[in-house]
Amino acid sequence: MKDTDSSHCTRSGPGATGPCDAPGPETPGTPGESLFGPGSEFHRFFNDPRWALAVVRATVLEAAHPQIGAALADNSSFVVHPWRRLRNTLVSLQRMFGADEEIRQREAARLNRLHRRLSGTDARNRPYDAMDPEVRAWVVATLFESSVTMCRLSGQPLGQTTMERLYAEFRAFLAALGDEEGHLPSTLPEFWQYYDRMVAEELQNTEALRIILFKLFEHLPAPPLFAGLPTVWATGRALAGPVIGTITVASLPEAFRRRAGLPEVPGAQTLMQSAYMAARLAGALPDNWLQTENVVGLLHLSPDGDGPGAERLAALRGRMKRAGALFRLIAPVPAQEDATGGTEHRRSARAFFTEVLDQTGDGYLDWPDLAAMARELCSRLDLDEPEETRLYDAFAAWWRELQAALDVDGDGRVSEEEYAAAAPSLAGPALIRVAETLFDAADADGNQFIDAEEYRALFRRGFGRSVADAEGRYSRSAFVRDFLSFMSGRRRSTLYDPLLSDA
């Protein structure tokens, strides 16, 4: 296969760093924990700037699989909350490829519970199931193949030994999920045959693929860091969005591009290779600039947060606002409501519907939207299986209440118009159960109060903040009242916005 021919790794140019420069042990199939942790090939890839392009490419190849595409279109919040999805994916990969076996097993169990809840039928009544082992194998295959391709496109192809080592790690990742390694071929030559067959026979121009390429990149919502700075974000997105889309399409297998009818932009191949080369040269930057978790953490800083670096963030936002004023002089952008208000800032019913309730961004409220909320809360709070099930059950009961009260036309979902017309009070018994489940997850000692340490732990886990001055105790009734105030009073909240409405 032309796109995956392996060649010996060579250094080229200043700052040519990356996984190829430090190949792993000569025995690619070494069993045990040596396939995970700091010494793994994946660990070297994780903070490689090129990997950002590779992950986007892998996501597109996943979405082109009919079952995965259908699951994404029906259940995923990636269009409305892409930065949240990015963070969750990176955190999960860190846990799965880390050295701690206990953490890996816990994360694998969490992923399996999540995938068991993702099944159904697509618009053509074809079934999909996220637990299908062939489907899960394809997800892992796209990550491996895109990692290999990113090195080739940046002029630094992987050596055979390094490639075999990396492939063994991805097969071990699949095995850690409980799937048989045999769902991916045992050798690299067999893998490339499998990959070619999947591209030629299975991949399609799915709705999810079109959404990613032609909607997400062009309408990418601002991360919390840029909340309230619409001019700055819109200007950057207008430049970067089409470029990212063009680079991604150009990097896909040529046979699939033609079959799917994806546009051939003049100069796209040159632009793509230049982008990969530039990302490779970025490896010369200081190490602390390239730590993936630092970059993602920066993107998730909230403008009204009180965590480390808040003062520097406030100064940075001040400069960006001044830059935005200059941009408006050149190319005016329609004003948007500043979303950085405090706890007393209220939303309209329509804004609440769009920013909080419609998690999948399809213009309707139905079960996948509430399931997305439950998934996010379970992930952020790292709930065990009993608590997770209880929270999902509470959200399911809330959905039944909403459907009974608001679904006027009986189509099984609630439109924005139906919601806004009713302007309902959402604080029913089921929503109270949701709040109480969250309270119990935070009340570690079960004394019916969240003390100062539990409060700080809740903020660190769920809200990604550092709260050093929490004093006193937080009662069950006060916690439930505040949660219901957010969900039914439609008040912006420095507590719950980072969980449920920030991108």
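The values are calculated or read from the model by the stated rules, or taken from the named source; none is laboratory data. The model shown is predicted, which means the values in this text are computed figures rather than measured ones. Cβ: placed from backbone, ideal geometry, glycine included. Neighbour counts: every protein chain shown. All accessible areas refer to the heavy atoms of the entire protein, side chains included, with ligands and DNA or RNA removed. Shrake-Rupley method; radii C 1.70, N 1.55, O 1.52, S 1.80 Å.
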Inset, instruction - Six or more apart or on different chains, Cβ under 7 Å: which pairs go from a residue in region 146-168 that's farther than 23 Å from A275 by Cα to one that's acidic (D, E) and assigned to a helix (DSSP H, G or I)? Could you list them? - result: T162/E41; R165/E41; L166/E41
Inset, instruction - Kindly indicate whether any position in region 457-473 is modelled with pLDDT of 80 or more, buried (at least 17 other Cβ atoms within 10 Å of the Cβ) and either over 23 Å from G361 (Cβ atoms) or touching a helix residue (DSSP H, G or I) at 6+ places or on another chain (Cβ under 9 Å) (or both). - result: no
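Sort out which residues of region 60-94 are among the hydroxyl-bearing types (S, T, Y) and open to solvent by less than 20 Å² (accessible area, probe 1.4 Å), and write them in order of number.
Scanning region 60-94 gives S76, S77, S92.
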Inset, instruction - Consider V55 carefully, then state whether it is among the hydrophobic types (A, V, I, L, M, F, W, C), within 28 Å of M272 (Cα to Cα), touching a helix residue (DSSP H, G or I) at 6+ places or on another chain (Cβ under 8 Å) and open to solvent by 40 Å² or more (accessible area, probe 1.4 Å). - result: no
Inset, instruction - Looking for whichever is at negative phi and without any contact (Cβ under 8 Å) to a residue 12 or more places away in the chain here; the options are D129, D100. Which one fits? - result: D100
Legend entry - Subset of region 373-418 (residues that are within 20 Å of T360 (Cβ to Cβ), among the polar types (S, T, N, Q) and in a helix (DSSP H, G or I)): S379, Q403
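Can you find a residue in region 26-49 that is of a type in the set (G, A, S), at pLDDT 50 or above and open to solvent by 40 Å² or more (accessible area, probe 1.4 Å)? I'd like the intermediate steps shown before the answer.
As a first pass, look at region 26-49 and keep what is of a type in the set (G, A, S): 29, 32, 34, 37, 39-40.
When the remaining residues are screened for being at pLDDT 50 or above, the result is 34, 37, 39-40.
If we keep only those that are open to solvent by 40 Å² or more (accessible area, probe 1.4 Å) too, we end up with 34, 39.
So far as region 26-49 goes, yes, one or more of its residues are of a type in the set (G, A, S), at pLDDT 50 or above and open to solvent by 40 Å² or more (accessible area, probe 1.4 Å).
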Legend entry - Some residue of region 74-91 being within 28 Å of K215 (Cα to Cα) and in contact with a strand residue (DSSP E or B) (Cβ under 7 Å, 6 or more places away or on another chain): yes
Legend entry - Residue list for region 110-148, filter: among the polar types (S, T, N, Q) and in contact with a Ser or Thr (Cβ under 7 Å, 6 or more places away or on another chain): none
Inset, instruction - Name every residue in region 408-428 that is on the phi < 0 side of the Ramachandran plot, modelled with pLDDT of 85 or more and open to solvent by 10 Å² or more (accessible area, probe 1.4 Å), in order of residue number. - result: V408, D409, D411, R413, S415, E416, E417, E418
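Criterion first (at pLDDT 90 or above and not small (G, A, S)) does D366 satisfy it? Explain how you work it out, then say what you get.
Numbers: at pLDDT 90 or above: yes; not small (G, A, S): yes.
Yes: the conditions hold for D366.
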Inset, instruction - Output the residues belonging to region 347-387 that are within 20 Å of the chain's Cα centre (by Cα) and of a type in the set (A, V, I, L, M). - result: V356, L357, L370, A371, A372, M373, A374, L377, L381, L383
